[in-house]
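Here is the structure we will look at, set down as structure tokens.
The values are calculated or read from the model by the stated rules, or taken from the named source; none is laboratory data. The model shown is predicted, which means the values in this text are computed figures rather than measured ones. Methodologically, a virtual Cβ is constructed for each residue, glycine included, from the backbone with ideal geometry; neighbour enumeration extends over all protein chains shown.
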Amino acid sequence: MAKKFELNEMEVWDGNYAASQALRQAQVDVVAAYPITPSTPIVEGYGAYQANGYVDGEFVMVESEHAAMSGCVGAAAAGGRVATATSSQGFALMTEVLYQASGMRLPIILTVVNRALASPLNVRGDHSDMYLGRDSGWIQLDAFNPQEAYDLTLCAFRIGEDLSVRLPVMVHQDGFTTSHKAQNVRPLQDEVAYKFVGDYVPVDDMLDFSRPVTHGAQTEEDWHYEHKAKQHKALMDSREKIDAVFAEFKELTGREYKRIETYMMEDAEVAMVALGSTVETARLAAKQLREEEGLKVGIISPRVFRPFSFDLIRDAIDMSSDLKAVVCMDRSSPGGAMGALFNEVSASAYSTKNRPIITNYIYGLGGRDFTIDEAKRIMREQKAHAEAGYITTEIQQFSGVRGPKLGFFKTRRN
């Protein structure tokens with residue numbers, strides 16, 4: 001007999017609405033927020049739920065995103081379940097306080113709707129803000145569609161609040177492509193969602209006057225090193241808890257998540273590594289190339305961007321002994337370097353058995369569309385690298401840019 005999951009009927013939600021519903025079901029105590037496109041509907045939705053009595057929490061309107069995260073830090077230190085949302089320039093303004101939150105080990109949930117950073121000003125989606133936060137000490141989960149934005153937000157509470165973790169968590173989704181795109185979503189029933197998330201258990205609560213604590217202390221060279229090393233260990237150790245929460249969520253819903261997800265990698269000759277909504281485009285392109293041209297393409301998708309799973313990337317690359325070429329897709333301007341995803345995948349691949357050729361594409365900046373046809377073109381190019389035994393183009397190229405072709409770093413032919 002098929003397992004009966006505790007699900008509601010199918011709904012049609014966009015990614016913002018999905019995230020806001022997850023905050024409602026988790027019964028967040030405090031949302032401190034300042035609106036910014038394209039994440040505004042998340043906190044706007046929570047504010048409406050609070051005003052209409054659907055949550056017994058507080059919605060704090062502040063004067064900036066810096067103040068929003070500062071308010072979240074204060075509320076979390078006081079012992080509350082806390083969340084907010086932001087994008088782009090707002091995320092950048094929060095950055096100072098992101099380090100405060102993680103250093104204080106406060107399990108705040110931040111739903112980030114990814115958007116390009118200025119200048120020039122742009123409200124469309126790319127991964128500039130996601131990359132900006134990668135060294136801030138937060139766990140970072142990446143949703144590819146609205147269903148995942150809902151699911152991963154619920155999982156974020158369970159992960160970050162676990163007593164073995166106690167770290168803040170970001171849940172990313174692509175601006176407009178996911179946040180404003182309506183798709184089928186199957187949510188949990190309210191009571192089931194809350195039971196999964198669980199009651200909030202304060203740790204080192206500032207309002208527990210029987211056990212006074214200090215938050216944000218100054219340490220200097222005597223203890224700063226030890227604090228940061230311990231924080232890093234907690235972040236790396238959270239991988240086991242992430243796996244456990246994903247496994248429990250699968251038992252509850254039938255929906256499976258993994259830190260590194262693979263698609264048709266078992267016999268792949270070439271592979272594409274991508275994040276966000278691009279993953280669905282890449283998977284469809286790979287499927288069509290296999291059916292139409294017999295080109296064996298696989299897709300590797302980091303579901304958890306931090307902590308980065310170097311070992312699982314290595315294992316994914318070694319999954320097929322025929323894999324000869326890998327392309328890493330970075331949706332962020334690299335600022336005078338190789339793309340961040342390229343650098344981390346290359347580091348992971350250094351210890352693989354295959355040691356494939358690895359190239360880097362910058363694409364989709366400022367919301368520029370990334371099509372199935374363009375994905376296929378790039379995949380065919382990887383096949384050419386694999387057959388030649390060396391990179392036949394520049395190592396780093398820009399996909400879909402108007403004007404002269406942009407490519408950098410020629411390789412030496414063996």
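Out of the residues in the stretch 390-408 that are among the β-branched types (Val, Ile, Thr) and touching a strand residue (DSSP E or B) at 6+ places or on another chain (Cβ under 7 Å), which is farthest from TYR361 (Cα to Cα)?
The selected residue is ILE391.
Return the total of residues in the stretch 281-305 being surrounded by fewer than 18 Cβ atoms within 10 Å (Cβ to Cβ) and either of a type in the set (D, E, K, R) or in a strand (DSSP E or B) (or both).
5
Could you count how many residues in the stretch 89-102 are free of Cβ contacts under 8 Å to residues at least 60 places away in the same chain and either polar (S, T, N, Q) or outside any helix (DSSP H, G or I) (or both)? Steps first, please.
First, pick out the residues of the stretch 89-102 that are free of Cβ contacts under 8 Å to residues at least 60 places away in the same chain: 89-97, 99.
Add one more test, that the residue is either polar (S, T, N, Q) or outside any helix (DSSP H, G or I) (or both), and what stays is 89, 95.
Result for the stretch 89-102: 2.
Just to be sure before I move on: is VAL62 modelled with pLDDT under 95, farther than 30 Å from ILE362 by Cβ and hydrophobic (A, V, I, L, M, F, W, C) in the structure I sent?
In short, no.
Considering only residues that are out of contact with any strand residue (DSSP E or B) (no Cβ under 7 Å at 6 or more places or on another chain), closer than 14 Å to PHE398 by Cα and not in a helix (DSSP H, G or I), which ones fall in the stretch 352-370?
GLY364, ARG368, ASP369, PHE370
Being buried (at least 21 other Cβ atoms within 10 Å of the Cβ), of a type outside the set (A, V, I, L, M) and not in a strand (DSSP E or B) is the requirement here; does SER333 meet it?
Considered against the rule, which asks whether it is buried (at least 21 other Cβ atoms within 10 Å of the Cβ), of a type outside the set (A, V, I, L, M) and not in a strand (DSSP E or B), SER333 comes out as no.
Among the listed residues THR111, THR95, identify the single one that is under 27 Å from THR219 (Cα atoms), among the hydroxyl-bearing types (Ser, Thr, Tyr), at pLDDT 95 or above and under 19 Å from the mean Cα position of the chain (by Cα). Walk me through how you get there before you give the answer.
On the way: THR111 fails: under 27 Å from THR219 (Cα atoms).
The conditions single out THR95.
Of all residues in the stretch 222-269, how many are of a type in the set (A, V, I, L, M, F, W, C), farther than 30 Å from ALA193 by Cβ and either in contact with an Asp or Glu (Cβ under 9 Å, 6 or more places away or on another chain) or not in a loop (DSSP other than H, G, I, E, B) (or both)?
Matching residues across the stretch 222-269 total 3.
Residue-wise test of (1) closer than 18 Å to LEU23 by Cβ; (2) surrounded by fewer than 13 Cβ atoms within 10 Å (Cβ to Cβ); (3) not charged (D, E, K, R).
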{"position": "THR177", "(1), (2), (3)": "no, no, yes"}
{"position": "LYS181", "(1), (2), (3)": "no, no, no"}
{"position": "VAL185", "(1), (2), (3)": "yes, no, yes"}
{"position": "VAL192", "(1), (2), (3)": "yes, no, yes"}
{"position": "VAL197", "(1), (2), (3)": "yes, no, yes"}
{"position": "TYR200", "(1), (2), (3)": "yes, no, yes"}
{"position": "SER210", "(1), (2), (3)": "no, yes, yes"}
{"position": "GLY216", "(1), (2), (3)": "no, yes, yes"}
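Going through GLY80, GLY53 one at a time, which residue ends up being small (Gly, Ala, Ser), outside any helix (DSSP H, G or I) and touching an Asp or Glu at 6+ places or on another chain (Cβ under 9 Å)?
Details: GLY53 fails: touching an Asp or Glu at 6+ places or on another chain (Cβ under 9 Å).
Going through GLY80, GLY53 in turn, just one is small (Gly, Ala, Ser), outside any helix (DSSP H, G or I) and touching an Asp or Glu at 6+ places or on another chain (Cβ under 9 Å): GLY80.
Just checking, which of ALA340, ALA316, ALA349 is touching a residue at least 60 places away in the same chain (Cβ under 8 Å), closer than 30 Å to ALA143 by Cβ and touching a strand residue (DSSP E or B) at 6+ places or on another chain (Cβ under 7 Å)?
Values: ALA316 fails: touching a residue at least 60 places away in the same chain (Cβ under 8 Å); ALA349 fails: touching a residue at least 60 places away in the same chain (Cβ under 8 Å).
So the residue among ALA340, ALA316, ALA349 that is touching a residue at least 60 places away in the same chain (Cβ under 8 Å), closer than 30 Å to ALA143 by Cβ and touching a strand residue (DSSP E or B) at 6+ places or on another chain (Cβ under 7 Å) is ALA340.
Name the single residue that is nearest to LEU284 (Cα to Cα) among those in the stretch 340-395 being modelled with pLDDT under 95 and aromatic (Phe, Trp, Tyr).
TYR390
Applying the selection to the stretch 373-389, what residues are of a type outside the set (Gly, Ala, Ser) and in contact with a strand residue (DSSP E or B) (Cβ under 7 Å, 6 or more places away or on another chain)?
Within the stretch 373-389, ILE378, MET379, GLN382, LYS383, HIS385 qualify.
Assuming CYS72 fulfils every condition listed in (1) touching a Phe, Trp or Tyr at 6+ places or on another chain (Cβ under 9 Å); (2) modelled with pLDDT of 95 or more; (3) of a type outside the set (Phe, Trp, Tyr) apart from one, which condition is it?
Condition (1) is where CYS72 drops out.
Which numbered condition in (1) among the β-branched types (Val, Ile, Thr); (2) out of contact with any Leu (no Cβ under 9 Å at 6 or more places or on another chain); (3) more than 22 Å from GLY79 (Cα to Cα) is the only one that VAL213 fails?
Failing condition for VAL213: (3).
If the requirement is being in contact (Cβ under 8 Å) with a residue 40 or more places away in the chain and surrounded by fewer than 18 Cβ atoms within 10 Å (Cβ to Cβ), which of these qualifies: VAL12, VAL43?
VAL12
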